[in-house]
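The structure appears right after this line, and notes come after that.
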Amino acid sequence: MTEAEDIDTNPRIPKLRIVGFLNAYTQGVSGGDIWFVEVFKRLTKYHVCLLSPKSGLQFCKEKGLENYDTFEVRSRAERGHVFAQYLSRTYEAIKLLSHIHADVIYASSDFFPDVIPCLVYKVRHPDIIWVQKLYHLAPIRRIPAWLLQRISVLAIKWRADLVFVDNQHLADSLIKIGIRPDTVYVFQPGLNHKNKEADTSLLTHLRDGAIYLGRLHPAKGLEELLEIWAEVIREVPDARLRLVGPGDAEYVKRLETIVQSNGLTHKVEFLGYVSDEDARQALSSSRVFMTASSEEGFGISVMEALACQTPVVCWNISAFNEAFGSLVNTITKGDINGFAQTVIMLLSDDETLARAQTRISGTFHFRSWAQCALEEENLMTQQYLRSRNNVRS
C-alpha cells in the first residue's frame with residue numbers, strides 16, 4: 001500500500017484539509033469555475049472547505065458541491081467596480097485565513113482574490129501545499145489584464161508548489177518565463193456525458209441554427225461573432241443564432257445594441273444562464289457551434305459541443321489545435337468571410353453536416369470528471385507527502 005492510499009483508507013489518519021478558493025467568482029460562469037466544482041465534488045482524500053463570496057457558494061451548491069465547510073467572503077464593494085470588488089475580496093480573504101487551518105490550498109484562478117491570499121497563507125505556513133490553476137496568458141494588447149496577471153505569475157513563480165494548466169502550449173510559456181518545470185502539470189477537463197448516444201438522438205435534418213455557449217465577455221470575441229453572423233444571414237436568412245450563457249449586464253446590453261443596429265433582432269436570441277441539461281439539449285438541437293474566442297486554454301464548451309456531435313467552427317488558435325485537431329473547423333484569425341462561409345455550408349447542406357458529424361463520432365473521445373479529479377487528487381497528495389518527508393529528513 002502506498003502512503004497516498006494509506007491516507008485514504010486508514011481510519012487512524014485524519015483526512016487532509018483542503019481549502020478551495022473561488023474568491024474571484026463572478027456571475028459570468030467560466031470553464032475554470034465549472035472545472036473547480038466538478039473536481040471538488042469528487043475529492044475523497046480530503047476534508048473540503050470552500051472560500052468564496054456568497055454568489056460563488058450559491059453557484060457551488062447549484063452545481064452539487066455542498067455539505068462542506070464554507071468560509072463566506074463578505075466584501076464591502078460587491079456593488080462597485082470589479083477591480084474594487086477584487087481588492088476588497090482579497091483583503092477580506094486574508095483576514096479570514098488567519099482563522100483557518102489547511103494542509104492544501106487550491107486557487108481556482110490567477111486573479112488577485114485567489115492568488116494573493118494563497119501567497120500570504122503560504123508565507124505564513126511554508127509547509128502547506130499551494131496548488132494554482134492557470135488557463136491562459138492574457139495578451140499584451142489588453143494591458144491592464146496583462147499587467148495584473150504578470151503580478152500574479154510572479155507570486156505563483158515565487159511560492160506555488162503545483163501549477164495545473166490545461167494545455168502544453170501554456171505549460172511551455174510558463175516555463176519560459178521562469179516557473180519551475182517540475183511544478184507544472186498539464187491536465188485536460190472532463191465531461192458529465194455518460195456516452196455519446198445520450199446526446200445524439202436528434203437527426204441531422206431536425207437540427208436548426210447555430211449556437212454559442214459560454215460566458216458573454218469581451219475576451220470571447222462576441223462582437224466579432226455577431227459580425228460573422230451578419231454575413232451568414234445574408235445567405236441563410238432564416239437562420240437563428242442562440243447565445244447561451246451569463247454575462248455582465250452592461251456588456252450584454254452592448255451586445256444587444258450591436259444586434260439591433262445590424263438588423264439582427266430576430267436572428268439572434270439571448271438565452272442567458274440555463275441548466276446543464278438545457279445546455280446539452282440546445283447543443284444537440286443546433287447544426288453548428290460557433291466561437292470567435294482567441295483567448296482559450298482548452299475550450300470546455302467546444303468539447304461539450306463535440307460530445308453532442310455538433311460541428312464546431314472556430315479560429316485557428318494553438319489551444320484548439322492541441323485539444324481537438326481536425327475535429328473542429330479552424331479558420332485563420334480575422335478571416336470573417338471564410339468563417340461565415342464555413343458556417344453557411346453547415347447550415348444549408350445536410351451532406352456537409354452529416355460528414356462533419358461522422359468525423360466527430362468516429363474520432364472524438366472524452367474523459368470523465370471522476371478521472372480528472374482522481375489525477376489531481378493523487379498528485380496533490382503525493383506532493384503533500386513529499387513535503388512532509390523533506391521536513392522530517
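The values are calculated or read from the model by the stated rules, or taken from the named source; none is laboratory data. Since we're looking at a predicted model, the values are computed, not measured. Counting neighbours? That spans all protein chains shown, and the Cβs are built from the backbone with ideal geometry, glycine included. Keep in mind that these areas ignore ligands, DNA and RNA; they rest on the heavy atoms of the full protein, side chains included. Shrake-Rupley method; radii C 1.70, N 1.55, O 1.52, S 1.80 Å.
Brief remarks on what is shown
- Test: residue in the range 329-345 that is at pLDDT below 95 and assigned to a helix (DSSP H, G or I): no
- Total residues in the range 285-308, condition open to solvent by 10 Å² or more (accessible area, probe 1.4 Å) and among the polar types (S, T, N, Q): 3
- One residue stands out among those in the range 25-43 that are hydrophobic (A, V, I, L, M, F, W, C) and open to solvent by 10 Å² or more (accessible area, probe 1.4 Å): the one that is nearest to residue 162 (Cα to Cα), which is 43.
- The one condition from (1) open to solvent by 50 Å² or more (accessible area, probe 1.4 Å); (2) farther than 18 Å from residue 182 by Cβ; (3) part of a helix (DSSP H, G or I) that residue 365 does not meet is (3).
- Leading residue by the ranking (farthest from the chain's Cα centre (by Cα)) among those in the range 105-127 that are of a type in the set (Val, Ile, Thr) and surrounded by fewer than 22 Cβ atoms within 10 Å (Cβ to Cβ): 123
- Elements of type helices (runs of 4 or more DSSP H) in the range 241-316, at least 3 residues being at positive phi, hydrophobic (A, V, I, L, M, F, W, C) and within 20 Å of the chain's Cα centre (by Cα): none
- Residue 278 falls short on exactly one of the conditions (1) surrounded by 19 or more Cβ atoms within 10 Å (Cβ to Cβ); (2) charged (D, E, K, R); (3) over 17 Å from residue 225 (Cβ atoms), and that condition is (1).
- Among residues of the range 250-269 that are within 17 Å of residue 212 (Cα to Cα) and open to solvent by less than 70 Å² (accessible area, probe 1.4 Å), those with a Cβ under 7 angstrom from a residue that is assigned to a loop (DSSP other than H, G, I, E, B) and β-branched (Val, Ile, Thr), sequence gap 6+ or separate chain, pair up as 259/265.
- Scoring residue 359 on the criteria (1) part of a helix (DSSP H, G or I); (2) surrounded by fewer than 18 Cβ atoms within 10 Å (Cβ to Cβ); (3) out of contact with any Pro (no Cβ under 9 Å at 6 or more places or on another chain) leaves a single failure, condition (3).
- Single condition residue 246 does not satisfy, out of (1) over 19 Å from residue 313 (Cβ atoms); (2) at pLDDT 90 or above; (3) open to solvent by less than 60 Å² (accessible area, probe 1.4 Å): (2)
- Filtering 142, 150 for residues that are touching a helix residue (DSSP H, G or I) at 6+ places or on another chain (Cβ under 8 Å) and of a type in the set (Lys, Arg) leaves a single hit, 142.
- Boolean, residue 340 is over 25 Å from residue 34 (Cα atoms) and open to solvent by less than 40 Å² (accessible area, probe 1.4 Å): yes
A quick yes/no check of all residues on (1) modelled with pLDDT under 85; (2) surrounded by 12 or more Cβ atoms within 10 Å (Cβ to Cβ); (3) of a type in the set (Lys, Arg); (4) assigned to a helix (DSSP H, G or I):
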position: 164; (1), (2), (3), (4): no, yes, no, no
position: 171; (1), (2), (3), (4): no, yes, no, yes
position: 175; (1), (2), (3), (4): no, yes, no, yes
position: 194; (1), (2), (3), (4): yes, no, yes, no
position: 198; (1), (2), (3), (4): yes, yes, no, yes
position: 205; (1), (2), (3), (4): yes, no, no, yes
position: 208; (1), (2), (3), (4): no, yes, no, no
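- Filter result for the condition that a residue is open to solvent by 20 Å² or more (accessible area, probe 1.4 Å), under 16 Å from residue 106 (Cα atoms) and either of a type in the set (Ser, Thr, Tyr) or within 23 Å of the chain's Cα centre (by Cα) (or both), over 46, 86, 68: 68
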